[in-house]
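The values are calculated or read from the model by the stated rules, or taken from the named source; none is laboratory data. Here the structure is a predicted model, which is why all the values come from computation and not from measurement. Neighbour counts run over all protein chains shown; Cβ positions are idealised from the backbone, glycine included. For the accessible areas, the whole protein counts, side chains as well, though only heavy atoms, and no ligand, DNA or RNA atoms are used. Shrake-Rupley method; radii C 1.70, N 1.55, O 1.52, S 1.80 Å.
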Amino acid sequence: MTSIQEKIIALKHKKNALILAHFYQTMDIQEIADHVGDSFELAKCAQTAQQSTIVLCGVRFMAESAKILNPAKTVLLPAQDAGCSMADMITPEQVKRLRAEHPDAAVMCYVNSSAAVKAESDICCTSSSAVRIARSLPQKRIIFIPDQNLGAYVASQVPEKEFFFFQGFCPIHHAVTPQEVMEAKKAHPKALVLVHPECKIEVQERADFVGSTAAILNYVQNSPNKEFIIGTEVGIVQRIRKTMPQKSAYLLSDRMICLNMKKASIEDVLYCLKHGVYEIDLPQAEMKGAYQSLARMVSMQ
Ligand code: 13P
Ligand code: SF4
């Protein structure tokens with residue numbers, strides 16, 4: 001452990017803080033976190049946190065979800081400008097318009113969205129819970145926002161329902177092509193291809209497994225196979241190399257780096273704990289509306 005990591009651990013106890021980190025964070029941040037997980041796991045941990053402060057090492061929508069699910073806590077985001085390009089693609093007005101076009105449909109909202117957009121939705125989902133939630137909704141028609149690719153994946157798994165999509169996407173996952181899958185397979189013929197559902201459907205169709213970040217890590221852990229081509233952010237490859245050294249992981253495309261997720265450094269985490277920045281503060285009306293959608297998601301485990 002480095003001296004800066006030791007300082008963070010000491011300060012975390014002194015300040016009664018819980019540190020949550022997403023799998024896309026750098027390894028030195030993952031090492032000092034109390035929990036490392038996918039979006040769904042982080043939301044659940046935040047909801048039941050006992051500490052007075054939650055430091056969310058991830059992007060803004062994750063820290064907002066923590067605040068909404070556990071409003072009495074101080075929630076801090078170490079990099080103030082760590083946003084999510086997909087979350088920025090949709091506005092509450094666009095959700096209202098879609099609802100007006102399909103009044104009998106439920107609005108299902110991927111957590112990669114703003115609190116204001118969640119407040120206009122009926123229920124939230126993450127990539128690990130989306131299929132289960134779509135199946136269990138009473139409505140036959142579902143407006144899926146904002147990710148068209150996760151939406152297409154859910155629709156392929158839940159053919160009994162009718163879906164309407166918003167055309168949002170994650171620039172990092174959406175940019176991967178079927179051609180790159182073929183090239184990676186050629187370079188590593190023994191490897192299985194594991195991709196995130198934010199990849200295009202043509203890429204998902206060429207994969208051996210489609211799942212959330214946590215599901216991909218579980219798959220690698222439990223598979224007898226030794227080699228894997230990873231179609232999600234580079235943080236997952238780094239985690240496999242660190243925690244499962246007996247396995248080989250190759251990044252599907254060297255462009256799969258989320259710069260927003262890499263905005264916070266270990267120094268920023270220390271600064272954040274020392275100075276109590278950057279605190280998440282949301283308008284009451286957004287908090288109330290978004291709480292309904294997020295709490296419904298967490299209760300449907
Ligand atoms: P997970 O819920 O799978 O962790 O995904 C979050 C994300 O932002 C993927 O790009
Ligand atoms: Fe958002 Fe894409 Fe980064 Fe995930 S990888 S946080 S969807 S920009």
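Worth pointing out:
- Stretchable slack from residue 157 to residue 11, in nm (0.36 nm times residue separation minus alpha-carbon distance): 48.0 nm
- Entry note, segment 124-167: relative contact order of 43 percent, from Cα contacts under 8 Å with a spacing of 6+ residues.
- Antiparallel bridges, percent of DSSP beta bridges restricted to the chain (to nearest 5): 5
- Using only side-chain charges placed at the Cβ, +1 for Lys and Arg and -1 for Asp and Glu, the dipole size of the chain relative to its Cα centre rounds to 560 debye.
- Start at zero, step by 10 Å, and the Cα-Cα distances of the chain spread as 7, 28, 34, 24, 7, 0 percent across the bins.
- Alpha-carbon radius of gyration plus Dmax, which is the widest Cα pair, for segment 80-127 in Å: 11.1, 38
- Radius of gyration and Dmax over the Cα atoms of segment 220-279, both given in Å: 15.4, 47
- Amide H contacts of residue 147 (H built 1.01 Å from N, in plane; Pro and chain starts excluded): 110 sit under 5 Å, all sequence-distant by 5 or more or on other chains.
- Summary value for segment 18-110: 22 percent relative contact order, contacts being C-alpha pairs under 8 angstrom separated by 6+ residues.
- Of the trypsin sites (Lys or Arg not before Pro) found in segment 72-156, those in coil by DSSP whose Cβ has at most 16 other Cβ atoms within 10 Å are 140.
- Efficiency of FRET from Cβ geometry, residue 226 and residue 205, R₀ 25 Å, rounded to 0.05: 0.55
- Global geometry of segment 1-70, whether rounded, prolate or oblate, following the gyration tensor of its Cα atoms and the 1.5 cut on a/c: oblate
- Globularity index of segment 96-159, i.e. its alpha-carbon radius of gyration over 2.2 N^0.38 Å: 1.01
- Taking each residue as 0.36 nm, the span from residue 177 to residue 254 lengthens on full extension beyond its C-alpha to C-alpha distance by 26.5 nm.
- Our note on the geometry: Cα centres of segment 183-200 and segment 227-253, 11 Å apart.
- Once backbone amide H atoms are built at 1.01 Å from N, residue 35 has 19, 21 as its partners under 5 Å, excluding neighbours fewer than 5 places away on the same chain.
- Dimensions of segment 189-301 based on its C-alpha atoms, expressed as ranges along the principal axes with the largest first, amount to 53, 35, 25 Å.
- Multiplying the residue separation of residue 285 and residue 299 by 0.36 nm and removing their Cα-Cα distance gives an extension gain of 2.9 nm.
- The C-alpha atoms of segment 1-135 occupy a region whose extents along the principal axes are 56, 27, 25 Å, arranged from largest to smallest.
- Between residue 274 and residue 140, the modelled label-to-label distance comes to 6.1 nm, taking each label 7 Å out from Cα in the direction of the beta carbon.
- Sorting 219, 291 by solvent-accessible area of protein heavy atoms yields 291, 219, largest first, with a 1.4 Å probe.
- Built from the Cα atoms of segment 94-210, the convex hull projects on average onto 7.3 nm², one quarter of its surface area.
- Each of residue 34 and residue 243 was given a label point 7 Å from its Cα along the Cα-to-Cβ line. The distance between the two points is 1.8 nm.
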